[in-house]
């Protein structure tokens, strides 16, 4: 007889044990052994489990505290055992909850170190389920009844007895359930019991008063209870009190006629649906647009008028909103009765009762075809704008209505040395400190008047250098007339500005150099004129006077050039005092006529207005306006001057009947050195008189502008603030 070592039986014994047995090795709990019972519980094969970490096999168990317990056993070497431990893991393809009695036994090497854990477990889910079911029935807030196969009441939970206001269960025990109902519902209850006996689940709503006469509505589910062979052993009836819901539904029904009348009067397509998404009503606008009927559209029939390429996505998002009970919004195409599709913005929101339960949904579809077309056109325009802006050398920028920068083009990023992430750093620090006051003034005025503005200022580049730029900003408004953004450009005029500065410096030096010899020449000619006045011939005297006139004109030009130089340098002096503007005007006209024989000047208005300003500079402006009126009306002999008062401003208008101006020149004639090309060979001058006048008037808080029409003459307007109006 051959001796068989008892250890040879050990693997067979472990494999056939009626309890689950496994060994988990190392800190990663690698499954080294799992017997037949263990694999049966796990619903896994040996190939799926052996030599794999436990929590890779069951990742769903990681969050259930088992890993912490096993880690503690492995690290501390202390046995762990517990009963009725719940564990959720996937078996038979679904997440299942089982209950187990478990022992975690550490396995130690000769030196006492834990190298594995032996796991012994027994599933007690069935025992636990019986206890659980009893607790479940008692914990249900509904009225739960267990009926025998004939429909007699065998059990009613405590909450059910409370809901039915039943103090003693013995009153109804072993009674047929339908006997508790009124005559109207007895046959319905009897039919439900019979169908449950046949294996059906029956769901309905019915009315039944409590034992104390309280009227209540119930939502009822009647289901069979079967044994392991699927034979019906008993019946469970669950009744939920829905009285408040029914009351709320009645209130809704009472208001529905009024609501539908209102919904039919709105311009949108409107609809209503049940909590599960079944649409049961549309307003008249819907039928007018789609040309359909309720029979075609009810439920989910509305999908038929959706664009085929979009309907699947719409349905998916719609169902997600319904399942989550969330407000819904989407845009899509709907086909009209003419076969054409139009864009609609659709919105729906749930109507809830006092408990927050969704009773129904209300939705609308708003036609946004025109708005969408406008938005697409706007988007295309924006793309074209960006394409243009990114391919020009000028600096382009955009701000919102609150003056916050939202965009600058590539040229601006390069000039300022910025990157898109630092756009917010572009601020007033990049403007030359000497230009800030002027900059703010123009900006504030443009904000108040909501008009475009332009200014010349110096901007600092990435090298810390300041360069002159001509900056212009234009407001853009929405359909309501509100400013939504400002679009601006900055054009580099630094080289031009430097050339102008050099020219001004030359003019200043030349003017100073010419002023002294001209004064000397004028003095000698005046002496010569005096000497020849008695003995000289008439011709000599005439030429002498012409020479004096020419010298005076040259002196006037030199004086103007010097004024320009002073204006540019900020050194033009003003001597302020209070004076009667009307008296100054009369005096200036009188003096002017002493040297002018070709024109007559007529004046209207004599308001005695007192102005605070530089009297000589104001006279300089008036003389310039009169001189231009005479110069540019060679074929006319009349100049009209009108002085009036408008609110707190005096208004001087000088009108001639000369050659006139085209509209394109009216704003430019006040610029420095501006001359009209087609007139420059006929009329002399440097194009600086009106520029100087405009600067003087601006310094006095006024403004100057022109109105003109070619061939009909011009009117130059001067407006100045005044202090008082004297009365006789």
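The values are calculated or read from the model by the stated rules, or taken from the named source; none is laboratory data. Since this is a predicted model, take the numbers as computed values, not measurements. Because the Cβ atoms are built from the backbone with ideal geometry, glycine has one as well, and the counts that use them run over all protein chains shown.
Any idea which of 303, 360 is loosely packed, with under 15 Cβ neighbours inside 10 Å and more than 23 Å from the chain's Cα centre (by Cα)? Of 303, 360, the one residue that is loosely packed, with under 15 Cβ neighbours inside 10 Å and more than 23 Å from the chain's Cα centre (by Cα) is 303. Of the residues making up the range 200-214, those that are over 52 Å from the mean Cα position of the chain (by Cα) and loosely packed, with under 14 Cβ neighbours inside 10 Å are 200, 201, 212, 213, 214. So for the range 171-183 (the condition being in contact (Cβ under 8 Å) with a residue 12 or more places away in the chain and within 23 Å of residue 250 (Cβ to Cβ)), does at least one residue qualify? Yes. Taken as a whole, the structure places residue 394 among residues that are over 28 Å from the mean Cα position of the chain (by Cα) and in the same structural domain as residue 381 (by TED's automatic domain parsing). In this structure, residue 86 does satisfy being modelled with pLDDT under 90 and under 57 Å from the mean Cα position of the chain (by Cα). The residue of the range 337-346 that is surrounded by the most Cβ atoms within 10 Å (Cβ to Cβ), among those that are without any contact (Cβ under 8 Å) to a residue 24 or more places away in the chain and not in a loop (DSSP other than H, G, I, E, B), is 346. Annotation: residue 575 fulfils all but one of (1) surrounded by 18 or more Cβ atoms within 10 Å (Cβ to Cβ); (2) in contact with a strand residue (DSSP E or B) (Cβ under 6 Å, 6 or more places away or on another chain); (3) at pLDDT below 90; the unmet one is (1).
Would you mind stating whether residue 155 is crowded, with 18+ Cβ neighbours inside 10 Å, modelled with pLDDT under 90 and either in the same structural domain as residue 54 (by TED's automatic domain parsing) or closer than 30 Å to residue 207 by Cα (or both)?
It is false that residue 155 is crowded, with 18+ Cβ neighbours inside 10 Å, modelled with pLDDT under 90 and either in the same structural domain as residue 54 (by TED's automatic domain parsing) or closer than 30 Å to residue 207 by Cα (or both).
Say whether the condition of being touching a residue at least 12 places away in the same chain (Cβ under 8 Å), over 30 Å from residue 151 (Cβ atoms) and in contact with a helix residue (DSSP H, G or I) (Cβ under 6 Å, 6 or more places away or on another chain) is met by at least one residue in the range 256-265. Yes; the residues of the range 256-265 include at least one that is touching a residue at least 12 places away in the same chain (Cβ under 8 Å), over 30 Å from residue 151 (Cβ atoms) and in contact with a helix residue (DSSP H, G or I) (Cβ under 6 Å, 6 or more places away or on another chain).
For the range 596-607, filtering for residues that are part of a strand (DSSP E or B) and either at pLDDT below 90 or loosely packed, with under 14 Cβ neighbours inside 10 Å (or both) leaves 3. Scanning the range 707-718 for residues that are surrounded by fewer than 20 Cβ atoms within 10 Å (Cβ to Cβ) and in a strand (DSSP E or B) yields a total of 4.
Selection of the range 27-68 for residues being within 22 Å of residue 14 (Cα to Cα), in contact with a helix residue (DSSP H, G or I) (Cβ under 9 Å, 6 or more places away or on another chain) and assigned to a helix (DSSP H, G or I) yields 36, 37, 38, 39, 42, 46, 48, 49, 54, 57.
Those residues that are assigned to a helix (DSSP H, G or I) and surrounded by 14 or more Cβ atoms within 10 Å (Cβ to Cβ), I need them from the range 263-283; list them, please. Please lay out each step first, then the result.
Applying the first criterion (assigned to a helix (DSSP H, G or I)) to the range 263-283 yields 263-265.
Hit for the range 263-283 is 263, nothing else.
In the range 367-389, the condition of being farther than 30 Å from residue 407 by Cα and either part of a helix (DSSP H, G or I) or free of Cβ contacts under 8 Å to residues at least 24 places away in the same chain (or both) is met by no residue.
A quick yes/no check of all residues on (1) in a strand (DSSP E or B); (2) farther than 16 Å from residue 361 by Cα; (3) in the same structural domain as residue 357 (by TED's automatic domain parsing); (4) more than 32 Å from the chain's Cα centre (by Cα):
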{"site": "251", "(1), (2), (3), (4)": "no, no, yes, yes"}
{"site": "256", "(1), (2), (3), (4)": "no, no, yes, yes"}
{"site": "261", "(1), (2), (3), (4)": "no, yes, yes, yes"}
{"site": "285", "(1), (2), (3), (4)": "no, yes, yes, no"}
{"site": "292", "(1), (2), (3), (4)": "no, yes, yes, yes"}
{"site": "316", "(1), (2), (3), (4)": "no, yes, yes, no"}
{"site": "326", "(1), (2), (3), (4)": "no, no, yes, no"}
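Checked against (1) surrounded by 17 or more Cβ atoms within 10 Å (Cβ to Cβ); (2) modelled with pLDDT of 90 or more, residue 309 passes all but a single condition, namely (1).
Out of all the residues in the range 220-229, is one or more out of contact with any strand residue (DSSP E or B) (no Cβ under 6 Å at 6 or more places or on another chain) and at pLDDT below 90?
yes
Considering every residue within the range 347-355, establish whether at least one is surrounded by 14 or more Cβ atoms within 10 Å (Cβ to Cβ), outside any helix (DSSP H, G or I) and over 32 Å from the mean Cα position of the chain (by Cα). Yes, that holds for at least one residue. Residue count for the range 399-458, restricted to those that are in contact with a strand residue (DSSP E or B) (Cβ under 8 Å, 6 or more places away or on another chain), farther than 20 Å from residue 491 by Cα and in a helix (DSSP H, G or I): 2.
Selection of the range 225-249 for residues being part of a loop (DSSP other than H, G, I, E, B) and surrounded by 15 or more Cβ atoms within 10 Å (Cβ to Cβ) yields only 242. Is one or more of the residues making up the range 420-427 surrounded by fewer than 11 Cβ atoms within 10 Å (Cβ to Cβ), more than 30 Å from residue 269 (Cα to Cα) and touching a helix residue (DSSP H, G or I) at 6+ places or on another chain (Cβ under 8 Å)? Yes, that holds for at least one residue. Within the range 578-595, the only residue that satisfies the criterion of being exposed (fewer than 14 other Cβ atoms within 10 Å of the Cβ) and touching a residue at least 40 places away in the same chain (Cβ under 8 Å) is 578. Filter the range 77-96 down to residues that are touching a residue at least 24 places away in the same chain (Cβ under 8 Å) and out of contact with any helix residue (DSSP H, G or I) (no Cβ under 8 Å at 6 or more places or on another chain) and give me whichever is surrounded by the fewest Cβ atoms within 10 Å (Cβ to Cβ). This residue is 92.
Yes or no: residue 476 surrounded by 15 or more Cβ atoms within 10 Å (Cβ to Cβ) and in a strand (DSSP E or B)? Criteria not met by residue 476.
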